[in-house]
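S.K.: I am attaching a structure below and will ask some questions about it afterwards.
Coordinate-derived values only; no laboratory data. As the structure is a prediction and not an experimental result, all values here were calculated from the model. Cβ coordinates were reconstructed from backbone atoms using ideal geometry, including for glycine residues, and neighbour counts include every protein chain displayed.
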Amino acid sequence: MMQINCPWCGLRNATEFKQHGEKPPRPDVANATREQWADYLYFRNNTWGVVKEQWFHSSGCRQFFMLHRDTFANKAIRSEGDVR
Amino acid sequence: MVNNINPGKKRSRYSAFQLFSKGLTQEDWPEIWSEPDMKDSYEVVIIGGGLHGLATAYYLAKNHGITDIAVIDKNYIGAGGSGRNTSILRSNYLTPEGVKFYDRSLKLYEQLSSELNFNLMFSQMGHMSLAHDDGGMRTMQWRAQVNQVQGVDSKVISPDEIKELVPYIDISKNTRYPVLGALYHPPGGTIRHDAVVWGYARAAHEMGVHIIQHTEVTGIDVENGRVTRVRTDKGNIATGTAVNCTAGWASLISDMAGVKMPVTTSPLQAAVTEPVKPFLGTVVVSGTLHVYVSQTDRGELVFGASVDPFTSYSMRGTLEFVEGLATNVLSLMPSLSKMRLLRQWAGLCDMTPDYSPIMGETEVEGFYVDVGWGTYGFKAGPVAGEAMAETIATGKRPEIIQGFGLDRFSSGQLVGEKGAAAVGH
Ligand SMILES: Cc1cc2nc3c(=O)[nH]c(=O)nc-3n(C[C@H](O)[C@H](O)[C@H](O)COP(=O)(O)OP(=O)(O)OC[C@H]3O[C@@H](n4cnc5c(N)ncnc54)[C@H](O)[C@@H]3O)c2cc1C
Ligand SMILES: [Zn+2]
C-alpha cells in the first residue's frame, strides 16, 4: 500500500488520508468571469507524473497538508505542512 | 503502400453453416481485420481504439460514407477500459438527458449482434439496484419515475420480490445495512465486451477503415486554431479532423491540442471468481456497500466496486480493494464465503464533475472529444459512436447529445448523474 508522510503524525497508510487534489487559486469573487469560475471549480491538469496536491489526514490528526506524488508510479514523494 | 489484406474486401459471413463446414474441413478462418500500413494523410484520425473510437469509425463509414479514417491505438484495440469493464448495460439513469441517451444505446445493442454479424452474447438478465436507507429509497423512486416517463421498463420492488429473484441474498432486518427495496430494470444485463470491440473493428475494417495498433499519438499540431497534423511514434499524419477517444488518457491527448478538460483519471478495479453452477440470474448492485455482482455464462461471478479513493494513472490492483470487496459481498450474500477469487484487475476511468460524458466540438477547429466516460461508458458505445459520427460529418451536435457539450461547465448546465452512475456503472 502507498504510504504517506503526514507532517504531524509521520508515515501512515494511504487509507488514513483523503485526497483533496489540485488546488487552483481562488478567483476574485467580485470580478471573476464564468470561464474563470468554471476553470476553478471543474477544470484540472490531471497530470501524468509528479503533482502537488492537497490531502487531508481524515483518520488521524485531521489536518490539511500538501503532498508531492507521482500519479503514474503511485508513490508519495514529499509532504509540506504549509497548505498555501 | 501494401495492404496484406486489402481493406474493403468482403468479409466472410459467420453462420451456423460456416461453423459446421469449417469444423469438417479444419480450414482456417480468415483474419478478422488486416494491419495496413499507416498512410501519411487521412480525412479523419481517431485517437484511441477502444469501443468509442471503433464505433465512431463504424458509424462514420456506415451512416455518412466517410471511410478515409485511421483508428490509432498505442496498444492493442480494447486494451483500455473497453477490455477491462464488467460489461453492464442498462438505461435506468436519473436525468431525462441521460435516460434518453442510454436507452438509445440499449436499443442499438439489442440488434447489434445481427447488424455486425458477430455473436455479442448480450444477455438481458435484468438489473437490480438495492436501497438500504430512506435516502436510497427516495433516489430509486425518483429514478423509477423519470425512467417510466421516458418509456423505460423500471420499477421499485420490495424485499420479498428481491428474494424471489435472488434467493441467495440476505434480506433479514438484523444486518448492518438492511435491504429496504430495489430499483428493478428487466432490460438491463451484460454483454461480451471483447466481442463488441472485435465486432465493430471487423465491420469498420470491411468498409475501409484502417485500424492501426501499437502506434502512440505523441502530438497534435494546431495552426490558426485548426488541426493540421497528428504526430505518432511511427510518423506524422496530415489531417483536418482528430477525435479524442482515449477515456482515461483523455487529458493527455487534449493537452496536445491545447484544450483543457474537466476530467480527472482514477483507477477502477474488478475481480472474478472461479466458475460455479448458475445461481444468480440478475445483476445486483448496492451503492451503499460500493459493490455489484453478476454471473457470466461460464459461471464465474464478476465483482465490481466504485473507483479507487484517489486519482492515479496506475493500473495495478490493490489488496485494499479485495479486502473491502470481500467484506461487502459477504454481507450481501453470506453463502459466497467459500468462493475463490481467480483474478483482479484495474482500468483507468476519466471522471467528470457531473458523471456525464463530454462530447462534441472544442475551441480548436477539427478537434473533437468523446470522453468523460468514467465508470459507465461501455453501455454508451453505440449511441456515442452514432452521435459523434453525425457531429463530425455534419458539423452539428445532434439533439441527443446537446446537453453533453464541453461548454456546459461555463454555462453551469451540468447533467448530474452521480445518483445513478457512481457504483452501478
Ligand atoms: C473495471 C471497470 C469496470 C467497468 N464496468 C463498466 C460497466 O459495467 N458498464 C459500463 O458501461 N462501463 C463500465 N466501465 C467503463 C468503460 O469500460 C469505459 O467507459 C469504456 O470502455 C471507455 O471506452 P473508450 O473506447 O472511450 O476508451 P478505452 O477503451 O479506455 O480506450 C482508450 C484507448 O486509448 C488508447 N490510448 C491512450 N493514449 C493513447 C495515445 N497517446 N495514442 C494512441 N492511443 C492511446 C488506449 O490504449 C486505449 O486502448 C468499466 C471500467 C472499468 C475499468
Ligand atoms: Zn496527521
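S.K.: Which one, B:151, B:395, B:409, is farthest towards the positive end of the dipole of chain B when Lys and Arg carry +1 and Asp and Glu -1 on their Cβ?
M.R.: In chain B, that residue is B:151.
S.K.: Can you pull the percent of Cα pairs in region B:23-74 with separation above 19 Å?
M.R.: Of the Cα pairs, 38 percent sit more than 19 Å apart.
S.K.: Please report, to one decimal in angstroms, the Kirkwood hydrodynamic radius of region B:153-251 built from all distinct Cα-Cα pairs.
M.R.: 19.0
S.K.: Moving to a separate point now. Relative to the longest principal axis of the C-alpha atoms of chain B, give the angle of the C-alpha long axis of helix B:134-149, reported between 0 and 90° and rounded to the nearest 10°.
M.R.: 50
S.K.: So what's the back-of-envelope 222 nm ellipticity for chain B, counting only DSSP H runs of four-plus at -39500 (n - 2.57) apiece and dividing by all residues, rounded to 500?
M.R.: Value at 222 nm, helices only, nearest 500: -8500 deg cm²/dmol.
S.K.: Where does each of B:254-262, B:133-141 land if you order them by average Cβ count within 10 Å, highest first?
M.R.: Answer by packing, highest mean first, reads B:254-262, B:133-141.
S.K.: Where is the GNM fluctuation largest for chain B (alpha-carbon springs, 10 angstrom cutoff): B:205, B:290, B:185?
M.R.: B:290
S.K.: So for region A:3-79, averaging the separation of alpha carbon pairs under 8 Å that are six or more residues apart and normalising by length, what relative contact order in percent results?
M.R.: Here the relative contact order equals 33 percent.
S.K.: Grab the alpha carbons of region A:3-79, take their convex hull, and tell me the volume per residue in Å³.
M.R.: So the per-residue Cα hull volume is 95 Å³.
S.K.: If chain B were replaced by its equivalent ellipsoid, with semi-axes equal to the square roots of 5 times the Cα gyration tensor eigenvalues, what would those be, largest first, whole Å?
M.R.: 36, 26, 20
S.K.: Could you grab the relative contact order for chain B? Cα pairs under 8 Å, six or more apart, rounded to a whole percent.
M.R.: Across chain B, relative contact order equals 22 percent.
S.K.: Roughly speaking, what is the stretch gain from residue B:343 to residue B:164, that is 0.36 nm per residue apart minus the C-alpha to C-alpha distance, in nm to one decimal?
M.R.: Length gained between residue B:343 and residue B:164: 61.4 nm.
S.K.: With an 8 Å cut-off on Cα pairs and a minimum separation of 6 or more residues, tell me the relative contact order of region B:141-214 in percent.
M.R.: RCO, region B:141-214: 27 percent.
S.K.: Kirkwood hydrodynamic radius for region B:263-347: how many Å is it when counted over pairs of different Cα atoms?
M.R.: 13.3
S.K.: For q values of 0.17, 0.18, 0.23 Å⁻¹, compute log₁₀ I(q)/I(0) with the Debye formula on a Cα-only model of region B:1-116, without solvent.
M.R.: Values returned for q = 0.17, 0.18, 0.23 Å⁻¹ are -1.14, -1.22, -1.41.
S.K.: Cα-based count: Lys pairs in region B:7-88 below 19 Å, eight or more positions apart or different chains?
M.R.: 5
S.K.: Tilt of helix B:51-64 relative to the longest C-alpha principal axis of chain B, in degrees (0 to 90, nearest 10)?
M.R.: 60
S.K.: Considering only the other residues whose Cβ falls under 13 Å of the Cβ of residue B:51, what net charge follows from Lys and Arg at +1 and Asp and Glu at -1?
M.R.: Here the count lands on -1.
S.K.: Shifting gears a bit: What lysines could a cross-link reach from residue B:173, if we take a straight Cα to Cα line under 23 Å and drop same-chain neighbours fewer than 8 places away?
M.R.: B:155, B:163
S.K.: Report the label-to-label distance for residue B:231 and residue B:114 in nanometres (one decimal), using points 7 Å from each Cα along the Cα→Cβ vector.
M.R.: 4.9
S.K.: Then there's this: Helix B:193-206 against the longest principal axis of chain B: what's the angle in degrees, Cα atoms only, rounded to the nearest 10?
M.R.: Orientation of helix B:193-206: about 20 degrees from the principal axis.
S.K.: For the protein assembly as shown, what is the convex hull volume of the alpha-carbon atoms per residue, in Å³?
M.R.: Output value, Cα hull per residue: 168 Å³.
S.K.: In nanometres, what is the gap between the two model label sites at residue B:148 and residue B:39, each 7 Å from Cα along Cα-to-Cβ?
M.R.: 5.4
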